[in-house]
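Worksheet: one structure, shown below.
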There are 2 protein chains.
Amino acid sequence: MKNNFEAARQPGKNLYEQVCEKIRDEIISGQYEAGDRIPSKRSLAESLQCSLNTVQTAYAQLVDEGYLRVREKSGFFVADLEGILTGGLQSTAVVLPEEKVSPYLYDFSYQGIDETSFPLTLWRRLSREAMSGVFLSSSDANGSYELRSSIAKYLRLSRGVQCSPSQVLISSGSEYLLQLLIQLLDSDTIYAIENPGYEKLSQLFRSNRVTYRPIDVDGQGVILKQLISSDADVVCITPSHQFPTGSIMPVGRRLQLLSWAQQSDRRYIIEDDYDSEFRYAGKPIPSLQGLDQSGRVIYLGSFSKSLFPSLRVSYLVLPEHLCHRYDELLSFYMCPVPLQIQKTLARFLSGGHFDRHLNRMRKIYKGKREVLVTFLRESFPESTIEGAPAGGHLVIRMKSGKSEDELVQAAEKAGVKVYGLSLFYSRQTKVQEGPSILLGYASLSIGQIEEGVALLRRAWK
Amino acid sequence: MKNNFEAARQPGKNLYEQVCEKIRDEIISGQYEAGDRIPSKRSLAESLQCSLNTVQTAYAQLVDEGYLRVREKSGFFVADLEGILTGGLQSTAVVLPEEKVSPYLYDFSYQGIDETSFPLTLWRRLSREAMSGVFLSSSDANGSYELRSSIAKYLRLSRGVQCSPSQVLISSGSEYLLQLLIQLLDSDTIYAIENPGYEKLSQLFRSNRVTYRPIDVDGQGVILKQLISSDADVVCITPSHQFPTGSIMPVGRRLQLLSWAQQSDRRYIIEDDYDSEFRYAGKPIPSLQGLDQSGRVIYLGSFSKSLFPSLRVSYLVLPEHLCHRYDELLSFYMCPVPLQIQKTLARFLSGGHFDRHLNRMRKIYKGKREVLVTFLRESFPESTIEGAPAGGHLVIRMKSGKSEDELVQAAEKAGVKVYGLSLFYSRQTKVQEGPSILLGYASLSIGQIEEGVALLRRAWK
């Protein structure tokens with residue numbers, strides 16, 4: 001046993017779990033028979049050169065799971081295999097979750113949300129109500145009509161998107177929707193992505209084996225001249241709040257982009273409106289899709305930031321002609337969102353709760369942003385804060401003489417996780433100016449933001 | 001208004017909904033101002049050439065939604081637009097679900113489940129319990145450890161699959177997992193699919209722009225000689241219960257397939273174990289993966305048949321070396337299953353409920369199959385019933401002198417939906433013998449099965 005076990009020793013795993021697994025496997029594979037005595041704890045500990053305690057924990061676990069039986073003063077015996085194989089799942093096995101303890105005191109992550117402000121009780125109630133109806137059979141392949149209709153209404157009223165429910169396609173996460181788009185559009189389509197931009201886009205296009213070109217971003221979004229001189233057909237942009245720089249694309253650039261897209265039937269703009277719900281100054285800026293008169297904009301939205309990330313619901317609004325193409329080519333894909341979730345979400349939207357939630361979160365995030373900006377200005381007066389007052393992150397351009405790497409590492413040493421802007425570049429560019437740090441504030445409390453910045457101030461001295 | 005409206009008239013839609021949509025759009029786009037009077041019901045009905053009733057229903061709906069206001073005896077007026085744009089979602093809009101009335105009296109579908117036997121109360125309770133914990137943040141990209149561990153345990157004990165939780169990858173639906181596999185394996189991989197086989201596979205490979213070869217199936221599964229002489233690297237099979245023919249692959253063929261796969265590092269067997277939980281005679285047949293000693297089998301499972309289709313949870317068990325490759329190349333994809341669902345399902349598994357549910361459903365489906373077989377034998381004594389006593393469908397080879405098309409059409413005329421086996425062929429083959437009809441029985445009650453076969457008996461006379 002010793003050699004096998006040592007050979008299989010897995011570095012990332014708890015030793016006692018490995019002992020459990022080993023014995024379980026031996027029992028299942030028939031190396032023991034029911035009633036067989038297994039090695040004493042002491043002898044196994046010796047042969048594995050581990051502590052007696054480890055073996056003791058493992059044996060206790062296996063007794064709990066029903067693999068072993070213990071006989072007072074005579075040791076451990078293999079339980080009846082038949083019983084395990086048919087009823088094993090009925091044992092009250094303790095499943096050990098993987099430990100995920102953040103090594104940081106404060107993580108200025110750009111991905112989280114303010115979990116403490118989510119209306120959990122309401123969500124639970126709507127979820128219960130959703131399950132009082134029919135939800136076992138698969139619904140519409142594009143998403144339930146109820147949900148598509150609620151989303152279309154929200155988008156029309158709040159984002160100025162021109163759409164009917166039949167143009168809405170519901171799926172799990174933006175990556176899944178982009179995969180569908182890649183299959184929907186011509187196979188030789190060349191994509192353009194923002195540089196810097198959402199880091200998963202380049203991974204996605206690479207793993208889907210399609211060609212993509214990074215296009216540099218200035219303070220107004222993608223640089224049109226670069227886009228025009230590239231061979232790209234489809235450009236993915238975040239005009240409401242460029243990720244990560246935070247700029248808002250002005251209407252002039254929007255119209256130029258639309259006119260670029262109108263020049264060929266192969267051209268499309270994918271408008272990723274990922275955090276457009278959160279804008280803290282002035283009026284909401286309507287979507288680019290709302291300006292489009294010729295069906296060249298594909299609108300992409302998500303509830304990951306406006307509700308919560310583990311919900312995994314995103315949606316596309318397709319131009320009419322692509323809807324027909326989708327129905328023809330791709331309608332065999334079933335909507336991957338469980339109907340139970342679709343129904344809960346539809347209730348959240350149609351009951352007016354989404355609107356109220358957004359109004360509330362806008363105030364909360366606005367407050368957090370203001371605190372962060374104030375502390376940063378006090379702590380680093382020579383630096384510039386970039387990005388519009390929107391979303392859940394900002395970018396600070398540092399003038400401390402330290403490089404971006406040095407800043408990130410000094411912060412990490414002080415227990416604070418921040419994100420260097422260079423993470424989001426697919427290629428280096430001339431537009432990039434000096435060391436810039438991205439700070440997300442949605443998931444931290446105001447107190448944590450204050451303490452985090454205080455630590456940064458010391459670390460970046 | 002008339003011309004626009006008539007041009008946009010959508011065939012699949014209720015007329016009054018179209019009227020609503022039209023007026024809504026005109027209000028939102030600013031063609032009316034708040035307080036404007038809109039055309040009288042009678043004049044609109046005349047101009048649209050529809051009934052007064054239709055317009056009446058549409059106007060009432062728009063009043064409910066807050067777009068219109070009614071003034072006693074003076075008609076309908078446009079409501080305050082400002083109020084709608086900011087608070088429109090709070091109106092108690094009636095969302096109209098799409099009508100989906102089956103045109104058939106009895107549908108011998110191969111996709112449904114017995115919904116009446118699902119433990120709904122239990123599922124609701126577990127779902128509530130799952131939401132009492134933390135479920136807002138995204139969990140592990142491959143699926144929560146808790147769920148992967150429960151699935152691994154179930155597969156080890158009930159399907160003889162060799163796996164640890166780290167080999168399990170959770171996603172939404174088999175099509176999504178196959179898309180990931182296509183990205184994981186080399187781009188020039190050639191796939192082989194069963195002919196006849198699951199009809200979505202050829203659509204999936206086509207839309208993912210990869211090459212695939214249909215391989216004919218005999219009574220034991222894919223014909224090895226054909227596979228060997230093809231240039232395919234990866235073969236997708238359903239050895240536990242071939243879809244649609246229903247045969248079980250004997251161990252001899254399994255070993256031959258494994259030895260084929262071992263001959264190259266590019267070769268894999270994708271074992272789709274879609275309804276393996278349901279076998280009604282003899283012992284369960286362990287998975288092909290369990291026989292594999294060299295990491296060439298990728299195991300694919302789903303809860304669509306064993307629990308319910310709208311759950312949208314499927315999983316892969318990857319060989320160790322592909323796990324490493326996955327982590328390297330594709331771990332940027334977030335698990336698309338909402339954590340709320342993952343937690344509910346993990347509880348269903350670890351609490352022993354899945355085992356009990358399967359035991360119960362096995363008896364129910366076995367009973368249905370026996371009734372169907374008995375009635376078919378009585379009604380069509382010269383015909384042969386094919387497929388092992390397993391799963392949720394069977395195939396009957398008819399000897400009535402009628403062609404497959406004639407049989408399907410005669411059944412439809414009698415209000416019974418059945419499925420000709422030729423639907424599942426990607427190409428015609430010599431192995432195909434005579435008109436064969438696929439009949440699913442999972443979603444019908446015993447009474448419905450009896451009545452359905454009685455109608456078929458008359459229709460196929």
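The values are calculated or read from the model by the stated rules, or taken from the named source; none is laboratory data. All figures in this text were calculated on a predicted structure; none of them were measured in a lab. Reconstructed Cβ throughout: ideal geometry from the backbone, glycine too, with neighbour counts over all protein chains shown. Surface accessibility is based on the protein's heavy atoms, side chains included, excluding ligands, DNA and RNA. Shrake-Rupley method; radii C 1.70, N 1.55, O 1.52, S 1.80 Å.
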Projected onto their principal axes, the Cα atoms of the range A:371-447 stretch, largest extent first, over whole-Å spans of 36, 29, 24
Kindly flag which residue pairs out of A:Lys343/B:Lys153; B:Lys153/B:Lys283; B:Lys225/B:Lys402; A:Lys343/A:Lys368; A:Lys225/A:Lys363; A:Lys73/B:Lys283 have an alpha-carbon separation exceeding 28 Å in this structure. A:Lys343/B:Lys153; B:Lys225/B:Lys402; A:Lys343/A:Lys368; A:Lys225/A:Lys363; A:Lys73/B:Lys283
³J(HN,Hα), Karplus 6.51/-1.76/1.60, whole Hz, each residue of the range B:193-199, x for Gly, Pro: 10, 6, 10, x, x, 4, 5
A plus B alone minus the pair: what accessible area, both sides summed, probe 1.4 Å, in Å² to 100? 7600
The helix A:251-261 Cα axis meets the longest alpha-carbon principal axis of chain A at an angle in degrees, between 0 and 90 and rounded to 10, of 80
If you take the alpha carbon radius of gyration of the range B:110-157 and divide it by 2.2 N^0.38 Å, what ratio comes out, to two decimals? 1.49
Taking R0 as 45 Å, what FRET efficiency do you get between A:Ser132 and A:Ser229 from their Cβ-Cβ distance, rounded to the nearest 0.05? 0.20
Of every Cα-Cα pair in the range B:236-309, the percentage lying beyond 15 Å is 54
Kirkwood hydrodynamic radius for the range A:165-300: how many Å is it when counted over pairs of different Cα atoms? 15.1
So, in nm, how far is label B:Ser43 from label B:Leu120 when the simple model puts each one 7 Å beyond its Cα toward the Cβ? 5.0
Over its alpha-carbon atoms, the range B:108-198 yields an Rg and a Dmax in Å of 17.3, 48
Please work out the Cα convex hull volume for the range A:239-390 and give it in Å³ per residue. 145
Placing +1 at every Lys and Arg Cβ and -1 at every Asp and Glu Cβ, with all other atoms neutral, what dipole size does the range B:152-220 have around its Cα centre, in debye to the nearest 20? 340
In whole Hz, the Karplus estimates of ³J(HN,Hα) for the range A:365-382 (6.51, -1.76, 1.60; θ = phi - 60°; x where Gly or Pro) are 5, 4, x, 5, 4, 4, 4, 4, 4, 4, 5, 5, 4, 5, 7, 10, x, 7
What gaps in nm, shortest first, separate A:Arg42 from its twins in the other copies when you place the label 7 Å past Cα toward the beta carbon? 10.5
Per-residue Cβ counts within 10 Å, from other chains only, averaged over A:209-219: what number is that? 1
Compute the signed sum of charges (Lys and Arg +1, Asp and Glu -1) over the other residues within less than 9 Å, Cβ to Cβ, of A:Val222. -2
Probe radius 1.4 Å, ligands and nucleic acids left out: which of B:Glu271, B:Glu406, B:Glu146 has the largest accessible area, and how do the rest follow? B:Glu406, B:Glu146, B:Glu271
From the convex hull of the Cα coordinates of the range A:313-358, what is the mean projected area in square nanometres? 4.2
Calculate what fraction, in whole %, of the accessible area of the range B:138-291 sits on carbon and sulfur atoms when a 1.4 Å probe is rolled over the protein chains. 51
Hull volume per residue for chain B, using the convex hull of the C-alpha atoms, in Å³ is 204
Area of B:Thr116 that stays accessible when all protein chains are in place (1.4 Å probe, Å², to 10): 130
Residue-level accessible surface for B:Ile285, protein heavy atoms, 1.4 Å, Å²: 50
Whose amide H sits under 5 Å from the amide H of A:Arg213, counting only residues 5 or more places off or on another chain, with H placed in the peptide plane? A:Tyr191, A:Ala192, A:Ile193
Classify the protein assembly as shown as rounded, prolate or oblate, taking a ≥ b ≥ c as the square roots of the eigenvalues of its Cα gyration tensor: rounded when a/c is under 1.5, otherwise prolate if a/b is larger than b/c and oblate if not. oblate
Carbon plus sulfur, as percent of the 1.4 Å-probe accessible area of the range A:343-433, comes to 49
Cα centroid of the range B:295-316 to Cα centroid of the range A:95-166, whole Å: 23
Using alpha carbons only, how many degrees (0 to 90, rounded to 10) separate the axis of helix B:446-459 from the longest principal axis of chain B? 90
If you count only protein heavy atoms with a 1.4 Å probe, what accessible area per residue comes out for chain A, rounded to a whole Å²? 41
5 angstrom amide H check on A:Gly420, placed H, neighbours 5+ away: A:Leu438
Taking amide H positions as placed 1.01 Å from N in the peptide plane, with prolines and chain starts having none, which residues 5 or more places from B:Leu68, or on another chain, fall under 5 Å of its amide H? B:Val63, B:Ala79
If you take the beta carbon distance between A:Arg356 and B:Lys73 as r and set R0 to 30 Å, what does 1/(1 + (r/R0)^6) give as a FRET efficiency, to the nearest 0.05? 0.25
What figure, in Å² to the nearest 10, do you get for the accessible area of B:Glu328 with a 1.4 Å probe and non-protein molecules left out? 150
For B:Asp188, place a label point 7 Å from Cα along the Cα-to-Cβ direction in every copy; what are the distances to the other copies, in nm, shortest first? 2.0
Förster radius 25 Å - calculated FRET efficiency between A:Gln409 and A:Glu450 (Cβ-Cβ, nearest 0.05): 0.65
At 7 Å out from Cα toward Cβ: B:Arg128 inter-copy label distances (nm, ascending): 0.5
What nm value, rounded to one decimal, do you get for the distance between A:Ser331 and A:Ala60 when each label is placed 7 Å out toward the C-beta? 5.9
